[in-house]
Amino acid sequence: MSILLALLAALAVAWFLAYHRLPALVWSVVFAAGLGLLTYFKLWPQALLTVAWAVLIVVALIAIPSPLRRAVAGAPLLKLFRRILPVVSQTEQEALDAGTVWWDGELFSGKPDWSKLLAYPKPRLSAEEQAFIAGPLRELCEMLSDWEVTYEASDMSPQVWQFIKDNGFLGMIIPREYGGKGFSALAHSQVVMQLTTRSGTAAVSVMVPNSLGPAELLLHYGTKEQKDHYLPRLAKGIEMPCFALTSPEAGSDAGGIPDFGIVCKGEWQGKSDVLGIRLTWEKRYITLGPIATLLGLAFQLYDPDHLVGKEDDIGITLALVPTDTPGVHIGRRHRAMTATFMNGPNWGKDVFIPMEFIIGGEAQLGQGWKMLMNCLAAGRSISLPANGVGISKLSALTTGAYGRVRQQFKLSIGKFEGVEEAMARIAGNVYVMDAARVMTAGAVDLGEKPSVISAIVKYHLTERGRQVINDAMDVHGGKGICMGPNNYLASAYMQTPIAITVEGANILTRTMIIFGQGAIRGHPFVLKEIEATREADQGKALRDFDRAFFGHIAFTLSNVARVLWMGMTGARLTAVPGAPELRHYYQQLTRLSSAFALTADMAMFLCGGTLKRRERLSARLGDVLSQLYLASAVLKRYEDDGRPQDDLPLVRWGLLDCLYRIEEAFYSIFENLPWPVVSWLLRGLIFPLLMPYGREFAPPRDPLGHDVVGLMMTPGATRDRLTRGVFISANENDPVRTLESALVAVIAAEPVEAKLRQAQQAGGIARGHAAADAGLKAGVITPAEAELLKRAAELRRKVIMVDDFPKDFGKSELHQTTQPVTFEALARKA
Ligand SMILES: Cc1cc2nc3c(=O)[nH]c(=O)nc-3n(C[C@H](O)[C@H](O)[C@H](O)COP(=O)(O)OP(=O)(O)OC[C@H]3O[C@@H](n4cnc5c(N)ncnc54)[C@H](O)[C@@H]3O)c2cc1C
């Protein structure tokens with residue numbers, strides 16, 4: 001009995017030590033003390049004690065780092081790993097090396113330090129940035145009519161373009177010393193988001209010069225002369241940039257571009273024998289290409305005559321080519337859905353450029369892929385997520401109002417359960433998306449270049465955006481479908497696939513990038529193990545590898561202990577910081593982070609190098625990581641906003657949705673793992689109380705959805721926080737402005753309508769369209785209340801009307817008939 005008790009006690013102690021990840025030395029001391037007691041009091045037979053001491057000594061020798069361990073175990077393992085680790089291509093390596101690891105590292109650790117997350121400063125705009133948003137940005141939005149830009153002119157007007165250039169919209173990321181705005185990532189995100197709510201064309205036209213392109217590349221890699229020359233010109237829009245990577249044969253596989261340059265000597269500006277490059281390329285889909293004056297170009301560089309070095313194949317290189325260089329063909333356009341931002345192909349054959357056109361000069365020859373990956377790590381965090389959130393916030397604002405203003409069956413459509421379900425998804429998603437947008441921009445402002453996180457927000461904010469705009473269109477019914485200046489949603493709906501396709505098309509981002517890169521970058525040991533196998537200095541390699549490998553084993557064992565303990569206790573005993581009302585969510589996310597770390601290790605161990613090809617498994621693991629990140633952003637947002645109790649329905653909706661999606665991703669992993677025993681074991685460890693089937697986390701429940709929709713349909717602080725940044729024009733006839741006015745008017749009229757209904761039910765007044773007059777006559781309502789009813793009816797009518805055109809959509813009549821339809825005009829017609 002005493003043996004059994006001692007073994008159980010040893011198991012409990014081991015579990016405790018593993019859960020808290022205590023070092024091997026502590027383990028050894030604790031177990032030696034226990035065995036010492038058993039030996040001193042002679043509680044076990046001598047033979048058993050001898051075996052126990054022998055086991056303890058052997059395990060301690062393996063667990064505690066020492067030259068002996070390195071010689072006996074570390075060296076052969078290092079040799080084995082050097083043989084079996086998959087070869088990583090140079091482009092893969094450069095993608096892996098790019099950027100930084102931030103909160104994703106904590107999530108990979110299986111033990112996220114929430115206090116660290118909550119201690120990151122709240123992202124804030126400077127006074128100057130706020131003034132820009134309240135001033136030039138507002139003015140620009142007021143100048144823009146998406147209908148005119150998209151369907152009448154197919155471009156922004158020359159005045160709008162000039163305003164954009166003059167006010168520094170194209171130089172937001174360029175430092176002030178070069179004449180740019182030097183804005184924070186948060187301000188950049190805010191501007192793109194707000195512009196998106198007004199005009200997709202304007203948003204993309206502003207977004208591109210501030211994202212991965214000539215300015216960003218020059219800032220990081222340009223020579224002094226290049227920076228001094230180009231940055232002030234780019235900041236003021238004197239140069240219009242574009243960046244051309246994609247070619248017909250190489251889209252997602254951008255590292256495989258066939259465009260090439262040959263190092264040679266040629267004639268340049270009257271001088272012969274100038275060292276340069278003869279370039280041949282064919283690019284397509286290039287945003288701003290048709291109006292660019294400065295073409296950023298990526299191509300493979302070869303040096304067969306060894307004019308700049310010993311290598312024949314130098315690698316991907318980046319150049320800035322003025323578009324008036326002889327031989328550059330540029331200016332034709334593609335039509336990207338209904339968006340009318342400038343986008344088109346360009347090409348050239350045997351075009352000679354001097355070496356000074358290379359970004360960073362000769363020192364950067366062949367460094368192009370690394371340069372692109374480094375810049376992408378930050379840029380991808382900002383523009384496209386802002387675009388997705390902009391579309392979604394516009395959907396939330398307008399659908400919230402429309403759901404209340406539009407009535408069917410004598411009731412606001414937002415009060416029907418079916419509509420409410422779609423509307424709850426809109427509001428909940430927007431809260432999660434905006435939280436992630438702001439937190440990620442904040443990370444960039446802290447100096448991070450979060451490569452894996454940038455892929456998470458690019459994918460999930462554009463995908464959730466797609467769901468939001470779909471739901472918004474459904475709730476709007478025919479109003480969303482009929483095009484015209486009164487339609488505020490259809491353009492956003494049609495342009496949604498663009499953000500999904502660019503900067504890493506979404507399927508590829510989910511299946512290859514998020515976990516594919518994250519597993520190596522974010523994992524606390526994998527990269528260290530890989531780097532150790534590549535280390536030339538054998539002594540250092542062995543030390544590093546030994547530390548990483550045995551650390552990795554301890555990490556995995558600890559995760560087993562943590563996952564099982566938290567699964568069995570529902571993580572209720574796990575200590576967490578933050579708002580007490582969200583304690584449950586912090587605990588569950590801690591638990592699922594450990595489960596993620598364990599499952600990721602299992603997948604990497606079992607699949608090895610083939611994990612790269614198992615895209616579905618990689619995608620599902622990436623889904624877990626992504627939802628953990630989005631949920632973290634929700635927790636952070638609630639704290640940063642000062643724990644507003646009114647927002648709790650949105651916060652809970654977002655967190656429950658993330659937890660549900662995480663569990664679903666885990667179950668798709670279990671159900672599809674090709675090793676049934678491993679799958680069964682993992683399921684048993686992670687969800688021990690629900691073996692073999694069942695789910696622990698349900699999607700947000702109906703009453704919560706009801707509360708969320710109530711917030712969305714009611715003007716107030718929560719609705720304002722949710723839709724902050726949507727542009728609402730001062731023009732009374734602007735459709736979004738009209739909708740907002742209608743919402744206020746309809747709410748003001750609701751008690752009056754209730755009074756009338758009561759009187760009608762009592763048989764006191766007539767039903768139908770004359771009810772208001774009858775009510776007034778009978779003294780049921782006052783003249784002021786009758787006015788409220790009239791205003792609500794007028795505005796409701798104005799909101800629900802859609803545009804109509806002559807039969808032939810004739811351009812000559814278009815202008816006249818696309819004026820916003822007003823109730824007064826209709827009444828006059830009648
Ligand atoms: C409007 C617009 C603007 C653009 N602007 C620019 C620009 O300014 N500069 C520039 O250089 N490029 C630009 N692009 C190009 C854009 O980056 C590419 O469209 C994108 O890289 C995808 O390439 P593709 O369209 O050829 O699709 P493909 O590469 O043919 O991919 C088709 C599908 O297959 C998937 N896929 C491909 N490989 C894999 C894989 N291994 N695993 C899983 N899924 C995979 C993709 O995710 C996608 O869903 C723009 C494109 C558009 C449409």
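In whole Hz, what ³J(HN,Hα) sequence does the stretch 331-344 give by Karplus (6.51, -1.76, 1.60; θ = phi - 60°), x for Gly and Pro?
Working through the residues one at a time gives x, 7, 10, 9, 10, 8, 6, 8, 5, 10, 5, 6, 7, x Hz.
Which whole DSSP H helices in the chain pass both tests: a Cα extent of 20 Å or more along the axis and a mean Kyte-Doolittle value no lower than 1.6?
The qualifying helices are 2-19, 24-40, 46-63.
Just to confirm my numbers, what's the Cα centroid distance between the stretch 152-223 and the stretch 232-276 in Å?
22
For Ile286, enumerate residues with amide H under 5 Å from its amide H, sequence gap 5+ or separate chain, H modeled in the peptide plane.
The list, which skips near neighbours in sequence, is Gly344.
How much net charge surrounds Gly567 when only the other residues with a Cβ under 11 Å from the Cβ of Gly567 are counted, with Lys and Arg +1 and Asp and Glu -1? Each step should come with its number before you reach the end.
Numbers: positive: Arg562, Arg591, Arg683; negative: Glu696.
Cβ neighbours under 11 Å give a net charge of +2.
Which entries of Lys116/Lys165; Lys415/Lys755; Lys181/Lys265; Lys111/Lys393; Lys349/Lys370 have Cα-Cα distances beyond 31 Å here? Please report the intermediate quantities before stating the final value.
Working: Lys116/Lys165 40 Å; Lys415/Lys755 19 Å; Lys181/Lys265 40 Å; Lys111/Lys393 33 Å; Lys349/Lys370 26 Å.
Distance filter (> 31 Å) returns Lys116/Lys165; Lys181/Lys265; Lys111/Lys393.
Could you pull out every one of the aspartates and glutamates with an alpha carbon less than 13 Å from that of Lys79, ignoring same-chain neighbours closer than 8 positions?
Glu529, Glu535, Asp546
Would you mind checking which residues have amide H under 5 Å from Val321's amide H? H placed 1.01 Å from N; only 5 or more apart, or other chain.
Leu295, Gly296, Leu297
List the aspartates and glutamates whose alpha-carbon lies under 19 Å from that of Lys310, not counting same-chain residues fewer than 8 positions away?
Glu362
Helix-only estimate, please: 222 nm mean residue ellipticity of the chain, summing -39500 (n - 2.57) across DSSP H runs of length 4 or more and dividing by its residues, to the nearest 500. Walk me through the intermediate numbers first.
Values: 34 runs with 470 residues, N = 830.
Using -39500 (n - 2.57) per qualifying helix, the result is -18000 deg cm²/dmol.
What number comes out for the charge environment of Val419, summing +1 per Lys or Arg and -1 per Asp or Glu over other residues with Cβ under 12 Å away?
Values: positive: Arg404, Arg406, Lys415, Arg425; negative: Glu417, Glu420, Glu421, Asp471, Asp474.
Neighbourhood net charge equals -1.
Across the Cα atoms of the stretch 505-575, what radius of gyration and what greatest pairwise Cα-Cα distance (Dmax) are found, in Å?
Both quantities, over Cα of the stretch 505-575: 16.7, 48 Å.
Could you derive backbone 3J(HN,Hα) for the stretch 264-278 from the dihedral phi with the Karplus parameters 6.51, -1.76 and 1.60 (θ = phi - 60°), listing whole Hz in sequence and x where the residue is Gly or Pro?
7, 10, x, 9, 9, 6, x, 9, 9, 6, 7, 6, x, 9, 9
Might you tell me the accessible area per residue for the chain, computed with a 1.4 Å probe and given in Å²?
Heavy-atom accessible area per residue stands at 43 Å².
Among the aspartates and glutamates, which have Cα under 15 Å from the Cα of Lys449 when same-chain residues fewer than 8 positions away are ignored?
Glu94, Asp97, Asp104, Glu216
For the chain, what number results from the quotient of the Cα radius of gyration and 2.2 N^0.38 Å?
Details: Rg = 31.3 Å, N = 830, 2.2 N^0.38 = 28.3 Å.
Ratio of Rg to 2.2 N^0.38 Å for the chain: 1.11.
What residues have an amide H closer than 5 Å to that of Phe352, excluding those fewer than 5 places away on the same chain, when H is modeled at 1.01 Å from N in the peptide plane?
Leu279
What is the Cα centroid distance between the stretch 733-782 and the stretch 670-731, reported in whole angstrom?
About 38 Å separates the Cα centre of the stretch 733-782 from the one of the stretch 670-731.
Lys and Arg at +1, Asp and Glu at -1: add these up for the other residues within a Cβ distance under 10 Å of Leu376 and post the number.
Numbers: positive: Arg380, Lys449, Lys458; negative: Glu216, Glu503.
Counting the neighbours of Leu376, the net charge comes to +1.
Could you order Leu655, Leu542 so the one with the most accessible surface comes first? Probe is 1.4 Å.
Working: Leu655 0, Leu542 35 Å².
Correct descending sequence by accessible area is Leu542, Leu655.
Just reorder Ser89, Ser28, Ser252 by solvent-accessible area, largest first, 1.4 Å probe, all chains present. Kindly include the intermediate steps, with their values, before the conclusion.
Values: Ser89 50, Ser28 20, Ser252 80 Å².
Ranking Ser89, Ser28, Ser252 by accessible area, largest first, yields Ser252, Ser89, Ser28.
The values are calculated or read from the model by the stated rules, or taken from the named source; none is laboratory data. Just so it is clear, the structure is predicted and the values come from calculations on it, not from any experiment. No Cβ is skipped: glycine too gets one built from the backbone with ideal geometry, and neighbour counts run over all protein chains shown. Only protein heavy atoms, including side chains, enter the accessible area calculation; ligands, DNA and RNA are left aside. Shrake-Rupley method; radii C 1.70, N 1.55, O 1.52, S 1.80 Å.
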